[in-house]
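Notes for the one structure printed next.
The values are calculated or read from the model by the stated rules, or taken from the named source; none is laboratory data. Owing to the predicted nature of the structure, the values given are computational and were not obtained by experimental measurement. Ideal geometry is used to build each Cβ from the backbone, glycine not excepted, and the neighbour counts take in all protein chains shown.
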Ligand code: MN3
């Protein structure tokens, strides 16, 4: 949420975007990817929560297990689907967005933010063996690594300071994680997607040369990566979601198919 909103507002309020187009294009491209990452993390949370409670008559307390979860309010407030709060239930707020307007400062902040996110991912990976969580973290470690390297390259072009020399931070190769290797092997750590079929081409003036960690050539991909299948979550009658019975759905289908309204 913080990376998405940082880059989004930095892109919306980018001064002299024509003159500084490669930097503008970089922030816009990564904004597009972060939107997808928020969706990916949401689906991870949603999928992991499927089956936390069960269908039963209300008097049988089918949601009793929610009472003892750390964020029991999540079970009261939602139908066990993700919302923007942290692992202790503290809500995400707009205070977490950073947009100074100074390009070096903003890129430095973004670089720091990505490194912080990498540290958190690595710790969470060490906290869970859940296959869905590991799959998500493995992928995001590789893609977040691209963002770290991209901001470092942008800062080098702007200032002459080579931030890539300190990478990786934390100092542990992505390949140490079982769930990252297939994405590293597929070259996902060296591709920067524009998330647009036509725009943001000037990003190739920043994302060029070789990978500072493995020395292999970098590549700009015009467009977005192939997406995964969006889960079709089952109904959860004990939460009253989505609240449409089979009988209701038959009637609703008839109304949907009618040519005229009402
Ligand atoms: Mn990122």
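Some notes on this structure:
- Set side by side, the residues 165, 99, 83 differ, and just one is modelled with pLDDT of 95 or more, under 26 Å from residue 31 (Cα atoms) and in a helix (DSSP H, G or I), which is 165.
- Failed item in (1) in a loop (DSSP other than H, G, I, E, B); (2) under 25 Å from residue 150 (Cβ atoms), with residue 54 passing the rest: (2)
- Some residue of the stretch 57-70 being part of a loop (DSSP other than H, G, I, E, B) and within 12 Å of the ligand (Cβ to nearest atom): no
- Screening residue 87 on (1) closer than 30 Å to residue 239 by Cα; (2) in contact with a helix residue (DSSP H, G or I) (Cβ under 6 Å, 6 or more places away or on another chain); (3) more than 14 Å from the ligand (Cβ to nearest atom) shows it passes everything except condition (2).
- Residues located in the stretch 12-34, provided they are exposed (fewer than 15 other Cβ atoms within 10 Å of the Cβ) and without any contact (Cβ under 8 Å) to a residue 60 or more places away in the chain: 12, 16, 17, 18, 19
- Members of the stretch 126-145 that are away from the ligand (no atom under 16 Å from the Cβ) and assigned to a helix (DSSP H, G or I): 131, 132, 133, 134, 135
- Verdict on residue 204 being exposed (fewer than 14 other Cβ atoms within 10 Å of the Cβ), out of contact with any helix residue (DSSP H, G or I) (no Cβ under 6 Å at 6 or more places or on another chain) and either modelled with pLDDT of 95 or more or not in a helix (DSSP H, G or I) (or both): no
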